[in-house]
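Contents: one structure, followed by commentary.
The values are calculated or read from the model by the stated rules, or taken from the named source; none is laboratory data. Predicted model, so just to flag it, every value in this text is computed and none were measured. Neighbour counts are summed over all protein chains in view; Cβ atoms, including those assigned to glycine, are modelled from backbone coordinates with ideal geometry. Areas reflect the complete protein model, heavy atoms only, side chains present, ligands, DNA and RNA absent. Shrake-Rupley method; radii C 1.70, N 1.55, O 1.52, S 1.80 Å.
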Amino acid sequence: MDTKVLLGEKQIPTHWYNVIPDLPGPLAPVLHPGTLKPLTPQDLAPLFPAPLVEQEMSTERWIPIPEPVREIYRLWRPTPLYRARRLEQALGTPARIYYKYEGVSPAGSHKPNSAVPQAYYNKLAGIRRLATETGAGQWGSSLALACQMFGLACTVYMVKVSYQQKPYRKSMMQLWGAQVFASPSAETEAGRAALAADPGNPGSLGLAISEAVEDALAHEDTHYALGSVLNHVLLHQTVVGLEAKEQLRAAGDYPDVVLACHGGGSNFGGLALPFVADRAAGRQVRLVACEPSSCPTLTKGVYAFDYGDTARMAPIVKMYTLGHDFMPPGIHAGGLRYHGASPLVSQLLAAGQLEARAFPQRPCFEAAVTFARTEGIVPAPESSHAIRGAIEEAERAREEGRERVILFGLSGHGQLDMAAYDAYLSGRLDDFHYPEEKLRASLERLPKISL
Ligand SMILES: *Cc1c(COP(=O)(O)O)cnc(C)c1O
């Protein structure tokens, strides 16, 4: 077969796949952080437009992708599926390795797949501005791009350390017309309180979420947008897995194992959820989420109700969690530093439909370098976790002397992550150990919910 399988623009999926009807049980309720009572659609109305709230709970298996969204998807979709022949040769494996590459989007990752429909539905609802938070900057730049496409204003609260360390992500957001504040900022009560307590506060994702939510709630014409975790975000990302299935079919193959990195779950869910439907229909395919061992939500966390954010303003959901105030070490894969996980991924993992594996950052960078030296593409540090997982599968196939078809998600490129590669190549990159003591302490602070 060819090195890459390309589909035409007409083959962009017409529908997103909703896994909710194929879940092994009913969806767990989402609770109000104040009352601890189940959340109603009205509770979400000040933050999200109605179609996104509906998608959050929909039991329709297929949800049509609006034509204006497909129109923008056309700028980079369908994304290529590659056969990693040179990597296979370097590993001397009988496995066939495929990867689905999302780094061809303008923002350089999978995140615009959800930013674009989120901006579209908000525009349709008469909203004029979206407020959001960003850590490493990948979500903020994706939302800035999407808002620009639909003529919406965009305000991004960017964690202060990232704002200082990743100036080019900030420039990208500004280039696409967004207003960017280093968080904590003087723009919100939450930010001013944090600055009053400590003018040198470096910021955190939890605090930036609090600022963005406060901004959205304080302005009638402004909504909030979240880049991962929520059901509607995973739904939008299923274009990735749907295309990959089509491309593998064209190549005459079907995977034995599918791997993707997992932070909040939208990248993993986007690639893997369409294969859950196949499992339900009796097909054998393993689905493996790859996470950092310093933030081991799926492999060391507990499946319990917890707050979505550090400030306890976000809803309480049932998910794998390390505790809402767990502060992961400052690894370079910034997009994987989240204490919780998508409720959909969590429910499927708890039911034994998925597997999870954790990898330390150095072996991931080593895998990323092997990949860059064989396949050419410089991977995002987040994506390197899936590459590590795929390489281990390929090595096992070699040891067992049998064929295996491996599909992994290359969620983005790493061309704005050169400081991380520089640290690795000059031997300054550390492996953080899994912080067992801190984890035990944060798990003791889970909300006590009895349902
Ligand atoms: C944000 C990001 C991730 C993690 O995404 P989740 O969907 O939250 O798991 C992975 N890879 C890249 C390139 C990212 O930007």
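Of all residues in region 14-32, those that are open to solvent by 50 Å² or more (accessible area, probe 1.4 Å) have Cβ atoms under 8 Å from Cβ atoms of residues that are of a type in the set (Gly, Ala, Ser) and assigned to a loop (DSSP other than H, G, I, E, B), 6 or more apart or on another chain, in Pro24/Ala351. Scanning region 310-338 for residues that are closer than 16 Å to Thr134 by Cα, open to solvent by less than 20 Å² (accessible area, probe 1.4 Å) and away from the ligand (no atom under 16 Å from the Cβ) yields a count of 0. Looking only at region 191-212, which residues are open to solvent by 30 Å² or more (accessible area, probe 1.4 Å), in contact (Cβ under 8 Å) with a residue 12 or more places away in the chain and assigned to a helix (DSSP H, G or I)? Listed by number, the residues that qualify are Leu205, Leu207. Scan region 265-300 for residues that are modelled with pLDDT of 95 or more, under 16 Å from Gly389 (Cα atoms) and among the hydroxyl-bearing types (Ser, Thr, Tyr) and jot them down. Hit for region 265-300 is Thr299, nothing else. Residues in region 213-264 that are at pLDDT below 95, assigned to a helix (DSSP H, G or I) and either within 22 Å of Gln55 (Cα to Cα) or within 13 Å of the ligand (Cβ to nearest atom) (or both): Val213, Leu217.
Among residues belonging to region 397-451 that are of a type in the set (Phe, Trp, Tyr) and not in a helix (DSSP H, G or I), point out the one that is surrounded by the most Cβ atoms within 10 Å (Cβ to Cβ). So that I can check it myself, show each step before the final result.
Here is the first cut: in region 397-451, the residues of a type in the set (Phe, Trp, Tyr) are 408, 421, 424, 432, 434.
So of that shortlist, the ones also not in a helix (DSSP H, G or I) come out as 408, 432, 434.
Working: Phe408: 29, Phe432: 16, Tyr434: 17.
Per the stated criteria, the residue is Phe408.
Specify the residue that is farthest from Phe275 (Cα to Cα); the eligible residues are those in region 393-441 that are hydroxyl-bearing (Ser, Thr, Tyr) and under 23 Å from the mean Cα position of the chain (by Cα). Restricting to residues being hydroxyl-bearing (Ser, Thr, Tyr) and under 23 Å from the mean Cα position of the chain (by Cα), the top hit is Tyr421.
Filtering region 359-378 to residues that are open to solvent by 30 Å² or more (accessible area, probe 1.4 Å) and either assigned to a helix (DSSP H, G or I) or closer than 17 Å to Ala394 by Cα (or both) leaves Arg362, Pro363, Glu366, Thr370, Ala372, Arg373, Glu375. The residues of region 138-160 that are within 20 Å of Ala194 (Cβ to Cβ), away from the ligand (no atom under 14 Å from the Cβ) and in a helix (DSSP H, G or I) amount to a single one, Lys160. When region 98-115 is limited to residues that are hydrophobic (A, V, I, L, M, F, W, C) and within 15 Å of the chain's Cα centre (by Cα), the one that is farthest from the ligand (Cβ to nearest atom) turns out to be Ala115.
Any residue in region 1-12 that is surrounded by 20 or more Cβ atoms within 10 Å (Cβ to Cβ) and either within 21 Å of the chain's Cα centre (by Cα) or closer than 20 Å to Tyr254 by Cα (or both)?
Scanning region 1-12, I find at least one residue that is surrounded by 20 or more Cβ atoms within 10 Å (Cβ to Cβ) and either within 21 Å of the chain's Cα centre (by Cα) or closer than 20 Å to Tyr254 by Cα (or both), so the answer is yes.
Tell me yes or no: at least one residue of region 161-176 is out of contact with any Leu (no Cβ under 8 Å at 6 or more places or on another chain), farther than 26 Å from Tyr73 by Cα and assigned to a strand (DSSP E or B). Scanning region 161-176, I find no residue that is out of contact with any Leu (no Cβ under 8 Å at 6 or more places or on another chain), farther than 26 Å from Tyr73 by Cα and assigned to a strand (DSSP E or B), so the answer is no.
Please specify each residue of region 118-133 satisfying the condition of being within 21 Å of Asn231 (Cα to Cα) and either of a type in the set (Gly, Ala, Ser) or in contact with a Leu (Cβ under 8 Å, 6 or more places away or on another chain) (or both). Within region 118-133, Gln118, Ala119, Tyr121, Asn122, Lys123, Ala125, Leu130, Ala131, Thr132, Glu133 qualify.
Among the residues of region 265-304, those that are within 16 Å of the ligand (Cβ to nearest atom) and out of contact with any strand residue (DSSP E or B) (no Cβ under 7 Å at 6 or more places or on another chain) comprise Gly265, Ser266, Gly269, Gly270, Ser294, Cys295.
Does Tyr307 satisfy the condition of being out of contact with any Asp or Glu (no Cβ under 6 Å at 6 or more places or on another chain), modelled with pLDDT of 95 or more, open to solvent by 20 Å² or more (accessible area, probe 1.4 Å) and away from the ligand (no atom under 12 Å from the Cβ)? Break it down into steps so the answer makes sense when it comes.
Numbers: out of contact with any Asp or Glu (no Cβ under 6 Å at 6 or more places or on another chain): yes; modelled with pLDDT of 95 or more: no; open to solvent by 20 Å² or more (accessible area, probe 1.4 Å): yes; away from the ligand (no atom under 12 Å from the Cβ): yes.
It is false that Tyr307 is out of contact with any Asp or Glu (no Cβ under 6 Å at 6 or more places or on another chain), modelled with pLDDT of 95 or more, open to solvent by 20 Å² or more (accessible area, probe 1.4 Å) and away from the ligand (no atom under 12 Å from the Cβ).
Suppose we filter Ala341, Ala394, Ala372 for residues that are within 13 Å of the ligand (Cβ to nearest atom) and either of a type in the set (Gly, Ala, Ser) or more than 30 Å from Leu235 (Cα to Cα) (or both); which single one remains? I'd like the intermediate steps shown before the answer.
Working: Ala394 fails: within 13 Å of the ligand (Cβ to nearest atom); Ala372 fails: within 13 Å of the ligand (Cβ to nearest atom).
Just a single option satisfies the conditions, and that option is Ala341.
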